[in-house]
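Peer 1: My questions all concern the structure below.
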Amino acid sequence: MTSMLVANHYFEDHIPTELHDLDGIDAVAAADTIKQLVKLGKSSEHVSLLIHRIGDSLFMDDFDLEKLFRDTSSKTHHWFKSYLSEILAKDGNFNQLENELISALTKHLRATSVKALESKFLYHSLMPSGNDKEARQQPCSNEGCFLQNNVWKFHDLAFLVGSDIPIFGNKNHPAVTLRLTDSQEINVLTGIDHWLENLMFSVPEVVMCFHINGIVEKYENISTDDIPKLAGFDPEMIKTTAKSILSFLKSKCTEPGHTYWLFKEKNDDVVKLYDLSSLCDVKKEKAKKNQQPKKATNPYVTPVANLLLKLVKNLETETETIPLSEKKLRDENDENVTKLLHQALQISDDLPEVREKVLRKLAFRMSRKKYETASTRKSSGTTKTRKASQNFAETTKGATCVMKTSDIVNQYVQNSQADGHRNRNELDDDLKWICAACQLLNRSDDPSDVYLAFSSALATFTEREHVGTKPKDEELALILLAIRCILYSAPKDASQKRTRDSNLTILTERAADLQIPVLEKINLGELRKKLLQKYPSVKFLLSTFDNTIDKRVEFELGKFVARDYKDVIQLYDLIKHHHQNKATIHRKIAYVYNEVGKRMIDNLIIASIESNDKDQTDDFSSDEFRTAGLSAFETACSIFDRWNDCSNYALCHANMGRLYQVLSSVNKPDGELGELEEQDLNLSIKHYRKAVDTVKDSKMQENFTWDLINAQLKLATMLQECPPVSRCTIRELERKLIDILDLAEKYASNVLRTTSQPHHGHLRLAEINYRIGAMHHGHIVKTGLQKKQLSHSIRLSEKYYLAAQKHFDAVNWKDQNQGWCVLHLRSTIERVALIKNHRNDKNRLFDALTVMLSTRDSSERLQQIDSKYEDDVICTVIKLIQMVLMEFSKLISSAPANYKSFKIIDVKNIILRCMKMNANIQTINIIMSDIEDLLS
């Protein structure tokens, strides 16, 4: 493989201090190979090249088919022939194809004789007789090296090229190349050849020697820059072609270490590209499945793997010379080394010595954190996406791509970096090779490299924020196994110790994170089973631990399995002092305390329900839940406040508001509102207000505001429906009620302007106005009110009832719950009663019935929820309708001329229904429908 010789020559003998890897090199090839590619669209000759991807560079070699078929004893002959017979033979007739290719040998020999003639001419005519002329030749310690090697920058492309072209020079002409030709003119293809090769090695002139049958006619000096004009080609077109073809190859030759074959037949415009390595893999799988003998190994794998290891060695040597202060440069080198090692690993299945060396190097590096996961390393692999085109046709079996040369130039001219990166299961791949490295260990080997490499894989996976990409129990099982690896490891040097400490911190944090919401008893045996089912490769690692159990280590491992929130907090406490981001770890501790408080709320609700079910309310005490919950929330608030986490600080206050709200419910005494219950509700309001005033996120602020309004309405309801008259006067109660409802109305009105769910605001504003209206309505039914006070109370009551009705009317009742529907009915019947009893105009009964009809949507929604729903409100609605209709019937009977549109019989039928039918929501809707018909 001539490209390997070019690279080896450059690394070892040319300027090894200048280039240690192939970073920035697009292609490595002999000059003749590059010229074949550039002339792909202009030449009618056949082209046959082998291509390998190593790192981000393409290694390209001329593939002489005639020579391959002649040399029947070589391994390459048999290996390649087995695939060629499948992918190129016409109708399966491989011998016909072979004969056609060998028939081209005559031309090949003729071309060889021309080269021999040129060589003799140069030797006899142009070798220096003194110091007048000298040929430039670079030394090379390897057999078969080229005379010239150079990194050629061609616009934005970089090639590492080799050539046997001799370069001569003297004082007047420091560097020239000599060309022998029997043509008096330079044609396009010859001109491109001479021009490119001079450019590759920075030669400013070519001396053309014109001859006829070997007799020299004349010499002519031509400047390299003048060749395009004389030969008649556009240098910009050559640049575009080179760039397009290289982009095409980079986008198709994507698998690291794979062997690709580029083939174009003579006088054909179609270029075919085959992934021979993939065909080889398919054949192996078929042979394995059919229990056939193992096929020959790809003969190109060994040199590719060896070059990868050579690049690794060069980069490692270079890294040692880079100062520690140049961290970025060292990290780049480490990343490149890891990428090259993974490429070598992918192709070394049949190379046990190479594979073992690669695995040990990877484990060594990963155990010292000189490693990047597959998510950050450039795997150089892409899925082979095919462009939809009328000229694109997969007509040949096994071809990666079949395209016309013109399409290659047109489609890839703008895609010089078309190669992408294939997504793969990074962690799974890492675990496989680490466990494979574990199996290489002898009893005398120290397993610390492998153990710490395993922990690094999990730590890096966690660091890259792949949280949530795996089931929690699966991830926890992996994390605990990684921690076990750390506990069993014995760092050999300071670098490994740093890696051990760093990994333990990361993994401990993640183990704690995973166990916050899952506080059930963890069964390590079940976790082990799941781990083996998902990752069979870890079986050997687990068996290694089984054979070397250390009770002290196993006891330490038990500390990482949390039984309650206290254990989770202890895990965070273990790492909080040396965690890189102290704010993050302290916030996580506060988050756990917040979870403890929430758990206390849930437990309080459950305990209260169980106590009620067992009829043991007298023995129930909420003191334990109150103390534990408040302590947890206060600790969380303190930590969030210290680290300026406003959102979570506000959230903790909102949770404290909820705790006090629940406490007020479980501490509710019979009869009037208790002092402790009122105190808890006031504290709930206080904490909700703190949350609203603190939080900056508008969505969170809206949610906390609804919670605050609900707490205020609950206290208002209790003051109104269970007034603590033994502790407060009526005036004091009303003052409290008005203050609470005014504040609630203020918050509800503000949030209504910005909310995306206006029905929330309308419902709460409706309830606020209803509560105030009901308070004034209560004054009316009292005796002893003066006429002026009575009229004032009626006006205020009607005003707030009407405001409540407007908000209820703005609600879409389709999705509302039962409570709001019942509240709407309750508010409406109180307003109907106010109209019926305290209005003196002649339309009051008509208006009362019309107002009643405003509940049609809410009553139908209530029936949808529960068609048999019944309670005191439902009974009151039916009785009130009956009373209004009875009075209405008397009015019709006494003055029939004034109510000609109403039939007394219809009214009486509705009254009979009210009296005879069951008192449920279904009856109300039937009666409403009748009233609607009556009034229409």
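The values are calculated or read from the model by the stated rules, or taken from the named source; none is laboratory data. For clarity, every value in this text was computed on a predicted model and none was experimentally measured. No Cβ is skipped: glycine too gets one built from the backbone with ideal geometry, and neighbour counts run over all protein chains shown. Surface accessibility is based on the protein's heavy atoms, side chains included, excluding ligands, DNA and RNA. Shrake-Rupley method; radii C 1.70, N 1.55, O 1.52, S 1.80 Å.
Peer 1: Quick one: which residue in 601, 585, 609 is at pLDDT below 90, on the phi < 0 side of the Ramachandran plot and either in a helix (DSSP H, G or I) or surrounded by 14 or more Cβ atoms within 10 Å (Cβ to Cβ) (or both)?
Peer 2: After ruling out the rest, the residue left standing is 609.
Peer 1: Among the residues of the range 565-582, which ones are closer than 24 Å to residue 633 by Cα, open to solvent by 40 Å² or more (accessible area, probe 1.4 Å) and not hydrophobic (A, V, I, L, M, F, W, C)?
Peer 2: 566, 570, 573, 576, 577, 581, 582, listed by residue number.
Peer 1: Right, something else. Within the range 425-454, restricting attention to residues that are open to solvent by less than 40 Å² (accessible area, probe 1.4 Å) and in contact with a Pro (Cβ under 8 Å, 6 or more places away or on another chain), which residue is nearest to residue 474 (Cα to Cα)?
Peer 2: The selected residue is 452.
Peer 1: May I ask you to verify whether residue 670 is open to solvent by 20 Å² or more (accessible area, probe 1.4 Å) and more than 27 Å from residue 584 (Cβ to Cβ)?
Peer 2: Yes, satisfied.
Peer 1: Quick check: anything in the range 225-233 among the hydrophobic types (A, V, I, L, M, F, W, C) and either farther than 30 Å from residue 271 by Cβ or outside any helix (DSSP H, G or I) (or both)?
Peer 2: The answer is yes; a qualifying residue exists.
Peer 1: Now a separate question. Mind checking which residues of the range 738-757 are crowded, with 16+ Cβ neighbours inside 10 Å and over 36 Å from the mean Cα position of the chain (by Cα)?
Peer 2: Within the range 738-757, 740, 741, 743, 744, 745, 747, 748, 752 meet the criteria.
Peer 1: Quick one: in the range 864-898, which of the residues that are open to solvent by 20 Å² or more (accessible area, probe 1.4 Å) and of a type in the set (Gly, Ala, Ser) is modelled with the highest pLDDT?
Peer 2: If we take residues in the range 864-898 being open to solvent by 20 Å² or more (accessible area, probe 1.4 Å) and of a type in the set (Gly, Ala, Ser), then 867 is modelled with the highest pLDDT.
Peer 1: Can you confirm whether residue 647 is surrounded by fewer than 18 Cβ atoms within 10 Å (Cβ to Cβ), out of contact with any strand residue (DSSP E or B) (no Cβ under 6 Å at 6 or more places or on another chain) and either part of a helix (DSSP H, G or I) or among the basic types (Lys, Arg) (or both)?
Peer 2: So residue 647 fits the description; yes.
Peer 1: Moving on. Restricting to the range 869-905, name every residue that is closer than 27 Å to residue 807 by Cα and assigned to a loop (DSSP other than H, G, I, E, B).
Peer 2: 869, 870, 871
Peer 1: Any residue that is in contact (Cβ under 8 Å) with a residue 40 or more places away in the chain and not in a helix (DSSP H, G or I) - is there at least one of those in the range 471-487?
Peer 2: Looking through the range 471-487, none of the residues is in contact (Cβ under 8 Å) with a residue 40 or more places away in the chain and not in a helix (DSSP H, G or I).
Peer 1: Could you look through the range 200-220, keep only residues that are within 26 Å of residue 242 (Cα to Cα) and open to solvent by 50 Å² or more (accessible area, probe 1.4 Å), and pick out the one that is nearest to the chain's Cα centre (by Cα)?
Peer 2: Looking at the filtered set, the residue picked out is 202.
Peer 1: Select, from 266, 243, the only residue that is of a type outside the set (Phe, Trp, Tyr), farther than 15 Å from residue 38 by Cα and at pLDDT 80 or above.
Peer 2: Exactly one residue qualifies, and that residue is 266.
Per-residue answers, yes or no, for (1) within 22 Å of residue 887 (Cβ to Cβ); (2) modelled with pLDDT under 90; (3) outside any helix (DSSP H, G or I):
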site	(1), (2), (3)
782	no, yes, yes
789	no, yes, no
803	no, no, no
831	yes, no, no
857	no, no, no
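Peer 1: Looking only at the range 910-925, count how many residues are surrounded by 13 or more Cβ atoms within 10 Å (Cβ to Cβ) and part of a helix (DSSP H, G or I). Show your work before the answer.
Peer 2: Taking the range 910-925 and keeping what is surrounded by 13 or more Cβ atoms within 10 Å (Cβ to Cβ), we get 910-911, 913-914, 917, 919-925.
From what's left, part of a helix (DSSP H, G or I): 910-911, 913-914, 921-925.
The qualifying residues number 9.
Peer 1: Continuing with this model, one more query. Among the residues of the range 174-186, count how many are part of a loop (DSSP other than H, G, I, E, B) and either touching a His at 6+ places or on another chain (Cβ under 7 Å) or surrounded by 14 or more Cβ atoms within 10 Å (Cβ to Cβ) (or both). Step through it out loud before you land on a result.
Peer 2: Restricting attention to the range 174-186, the residues satisfying the condition of being part of a loop (DSSP other than H, G, I, E, B) are 174-175, 182-186.
Checking which are either touching a His at 6+ places or on another chain (Cβ under 7 Å) or surrounded by 14 or more Cβ atoms within 10 Å (Cβ to Cβ) (or both) leaves us with 175, 182, 186.
So the count comes out to 3.
Peer 1: Consider residue 377 against the criteria (1) modelled with pLDDT of 85 or more; (2) closer than 28 Å to residue 488 by Cβ: it satisfies all of them except one. Which criterion is unmet?
Peer 2: Going through the list (1) modelled with pLDDT of 85 or more; (2) closer than 28 Å to residue 488 by Cβ, residue 377 breaks only (1).
Peer 1: Is it the case, given these coordinates, that residue 828 is out of contact with any Asp or Glu (no Cβ under 8 Å at 6 or more places or on another chain) and touching a residue at least 60 places away in the same chain (Cβ under 8 Å)?
Peer 2: No, not satisfied.
Peer 1: Would you check if there is a residue in the range 667-674 being more than 15 Å from residue 637 (Cα to Cα) and either assigned to a helix (DSSP H, G or I) or in contact with a strand residue (DSSP E or B) (Cβ under 6 Å, 6 or more places away or on another chain) (or both)?
Peer 2: Scanning the range 667-674 turns up no residue that is more than 15 Å from residue 637 (Cα to Cα) and either assigned to a helix (DSSP H, G or I) or in contact with a strand residue (DSSP E or B) (Cβ under 6 Å, 6 or more places away or on another chain) (or both).
Peer 1: Here is a further query. I need a count of the residues in the range 784-837 that are out of contact with any Lys or Arg (no Cβ under 6 Å at 6 or more places or on another chain), within 17 Å of residue 854 (Cα to Cα) and hydrophobic (A, V, I, L, M, F, W, C).
Peer 2: Going through the range 784-837 one residue at a time, the tally reaches 14.
Peer 1: Of the residues 590, 562, which is open to solvent by less than 40 Å² (accessible area, probe 1.4 Å), of a type outside the set (Val, Ile, Thr) and in a helix (DSSP H, G or I)? Quick ask: steps written out before the conclusion?
Peer 2: Working: 562 fails: in a helix (DSSP H, G or I).
Unique residue meeting the criteria: 590.
Peer 1: Next question, about the same structure. Could you list all residues from the range 535-544 that are surrounded by fewer than 16 Cβ atoms within 10 Å (Cβ to Cβ) and under 14 Å from residue 432 (Cβ atoms)?
Peer 2: 536, 539, 540 - these are the residues of the range 535-544 that are surrounded by fewer than 16 Cβ atoms within 10 Å (Cβ to Cβ) and under 14 Å from residue 432 (Cβ atoms).
Peer 1: Mind listing whichever residues of the range 686-718 are hydrophobic (A, V, I, L, M, F, W, C) and touching a residue at least 40 places away in the same chain (Cβ under 8 Å)?
Peer 2: 691, 692, 695, 700, 704, 706, 708, 709, 711, 713, 716, 718
Peer 1: Taking the residues in the range 697-736 that are polar (S, T, N, Q) and more than 26 Å from residue 655 (Cβ to Cβ) as candidates, determine which candidate is least open to solvent (accessible area, probe 1.4 Å).
Peer 2: Only one residue tops the list, namely 720.
Peer 1: Tell me which residues, restricted to the range 323-338, are open to solvent by less than 20 Å² (accessible area, probe 1.4 Å) and modelled with pLDDT of 85 or more.
Peer 2: Scanning the range 323-338 gives 337, 338.
Peer 1: Which members of the range 835-844 meet the condition of being surrounded by fewer than 21 Cβ atoms within 10 Å (Cβ to Cβ) and either assigned to a helix (DSSP H, G or I) or among the charged types (D, E, K, R) (or both)?
Peer 2: Here is the first cut: in the range 835-844, the residues surrounded by fewer than 21 Cβ atoms within 10 Å (Cβ to Cβ) are 836-844.
Result: 836, 837, 838, 839, 841, 842, 844.
Peer 1: Output the residue which, of all residues in the range 758-789 that are open to solvent by 50 Å² or more (accessible area, probe 1.4 Å) and among the aliphatic types (A, V, I, L, M), is nearest to residue 833 (Cα to Cα).
Peer 2: The qualifying residue nearest to residue 833 (Cα to Cα) is 781.
Peer 1: Residues being of a type in the set (Ser, Thr, Tyr) and touching a helix residue (DSSP H, G or I) at 6+ places or on another chain (Cβ under 7 Å): count how many of those fall in the range 636-653.
Peer 2: Number satisfying all stated conditions: 2.
Peer 1: Moving on to the next point. Is there any pair linking a residue in the range 800-814 that is closer than 11 Å to residue 768 by Cα to one that is part of a helix (DSSP H, G or I) and among the basic types (Lys, Arg), with Cβ under 6 Å and at least six apart or on different chains, and which?
Peer 2: From the range 800-814, the pairs are 801/831.
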